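Down below is the structure, laid out as structure tokens.
The values are calculated or read from the model by the stated rules, or taken from the named source; none is laboratory data. These numbers were taken from a predicted model, which means no experiment stands behind them. Glycine gets a Cβ as well: all are built from the backbone with ideal geometry, and neighbour counts include every protein chain shown.
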Ligand code: SAM
Ligand code: SF4
């Protein structure tokens with residue numbers, strides 16, 4: 001699919017739930033979400049139909065996200081159905097990793113090709129403080145379980161939080177010395193609970209290059225710039241939505257767990273897809289893509305125009 005600016009759109013981020021077992025301080029409020037009636041959330045059949053229609057329109061990669069996708073009942077069945085779609089090249093999933101110890105092998109069998117695991121700190125106390133209820137050891141076990149299940153090219157997503165984890169940048173980069181993983185540093189985006197945090201909390205991903213000067217640029221990969229310490233096994237990605245607008249390279253659309261298509265993460269524009277199927281659904285997706293906004297305004301406004309928290313959209 002092409003949008004009005006000529007960008008090819010072939011990547012769908014499909015949110016399967018807005019619920020989560022963590023309450024990361026920048027993503028969700030302490031009390032979690034006001035639990036929606038489960039009838040407001042797409043069923044597994046509806047989610048599978050969204051995926052099918054998107055692939056029929058030209059999507060080649062689907063990432064399952066949330067909330068926490070692994071708390072969603074029926075997630076394995078959804079993976080199996082999506083993996084069977086002709087034309088889908090990659091099925092990936094973003095998770096906080098805590099439930100991987102019991103699920104990594106089943107996800108592999110269900111056809112998930114690759115995992116992104118979120119991990120903001122390697123310090124147990126900080127981990128509890130950031131997630132409000134998580135235990136670091138569960139995520140580290142989850143990483144091991146993913147490796148044991150045969151997942152390769154796993155990526156670790158770290159949101160840069162000044163004064164909280166910026167002193168850990170060299171340690172996190174150090175994970176790529178022996179392991180062929182990608183550690184990706186993501187600039188904190190002002191939305192949801194962190195929208196009114198002091199500006200000093202938001203730091204540019206250039207900080208990573210300042211703290212680890214040995215990093216050398218090797219390529220770009222979608223919205224990430226990929227660096228490596230020469231001779232090390234893994235890579236380090238920088239994702240800089242705030243300091244370096246990469247909208248001209250954006251190839252993605254999002255569908256929320258309640259069935260609304262977001263052509264841009266930082267726009268309030270949403271197209272309701274619920275109730276549509278078959279050719280009608282495909283037409284609605286194509287029309288929404290054609291009107292994808294050209295860019296966001298995070299840098300000028302220091303505020304996302306999205307009206308939703310990240311756990312409702314999926315990152
Ligand atoms: N629960 C899963 C997880 O944490 O990986 C998937 C959903 S979570 C919303 C997806 C990603 O968005 C996570 O890596 C999370 O750290 C990131 N995220 C959430 N709020 C963010 C924000 N305001 N700015 C940048 N990244 C954010
Ligand atoms: Fe949950 Fe992921 Fe949001 Fe953390 S970032 S609260 S794990 S949805």
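For segment 151-162, the criterion of being in contact with a strand residue (DSSP E or B) (Cβ under 8 Å, 6 or more places away or on another chain), away from ligand 2 (no atom under 16 Å from the Cβ) and in contact (Cβ under 8 Å) with a residue 40 or more places away in the chain is met by at least one residue. A count restricted to segment 86-107 and to residues that are surrounded by 18 or more Cβ atoms within 10 Å (Cβ to Cβ) and away from ligand 1 (no atom under 16 Å from the Cβ) stands at 1.
Do we find that residue 120 is assigned to a loop (DSSP other than H, G, I, E, B), at pLDDT 95 or above and more than 27 Å from residue 259 (Cα to Cα) in this structure? When the stated conditions are applied, residue 120 passes them. Evaluation of residue 272 against the conditions (1) crowded, with 19+ Cβ neighbours inside 10 Å; (2) modelled with pLDDT of 90 or more shows that the sole unmet condition is (1).
Only a single item in (1) in contact with a strand residue (DSSP E or B) (Cβ under 8 Å, 6 or more places away or on another chain); (2) in a loop (DSSP other than H, G, I, E, B); (3) away from ligand 2 (no atom under 16 Å from the Cβ) is not met by residue 26, and it is number (3). Picking from residues in segment 266-315 that are assigned to a helix (DSSP H, G or I) and closer than 26 Å to residue 118 by Cα, the one that is farthest from ligand 1 (Cβ to nearest atom) is 299.
Determine which member of the set 279, 288 is surrounded by 21 or more Cβ atoms within 10 Å (Cβ to Cβ), within 22 Å of residue 1 (Cβ to Cβ) and more than 16 Å from the chain's Cα centre (by Cα).
Numbers: 279 fails: surrounded by 21 or more Cβ atoms within 10 Å (Cβ to Cβ).
Just a single option satisfies the conditions, and that option is 288.
For segment 1-41, a residue qualifies if it is within 16 Å of ligand 1 (Cβ to nearest atom) and within 24 Å of residue 80 (Cβ to Cβ), and the qualifying residues are 11, 12, 13, 14, 15, 16, 17, 18, 19, 20, 21, 41. Condition first: exposed (fewer than 15 other Cβ atoms within 10 Å of the Cβ), assigned to a loop (DSSP other than H, G, I, E, B) and more than 18 Å from the chain's Cα centre (by Cα). Can you find one or more residues in segment 46-69 that meet it? No, that holds for no residue. Of all residues in segment 75-115, those that are assigned to a helix (DSSP H, G or I) and either in contact with a helix residue (DSSP H, G or I) (Cβ under 7 Å, 6 or more places away or on another chain) or more than 30 Å from residue 25 (Cβ to Cβ) (or both) total 18. Taken together, 128, 133 contain a single residue that is surrounded by fewer than 23 Cβ atoms within 10 Å (Cβ to Cβ), touching a residue at least 60 places away in the same chain (Cβ under 8 Å) and either over 21 Å from residue 235 (Cα atoms) or more than 15 Å from ligand 1 (Cβ to nearest atom) (or both), which is 133. If you go through segment 175-201 and pick out every residue that is assigned to a loop (DSSP other than H, G, I, E, B), touching a helix residue (DSSP H, G or I) at 6+ places or on another chain (Cβ under 9 Å) and more than 9 Å from ligand 1 (Cβ to nearest atom), you end up with 2.
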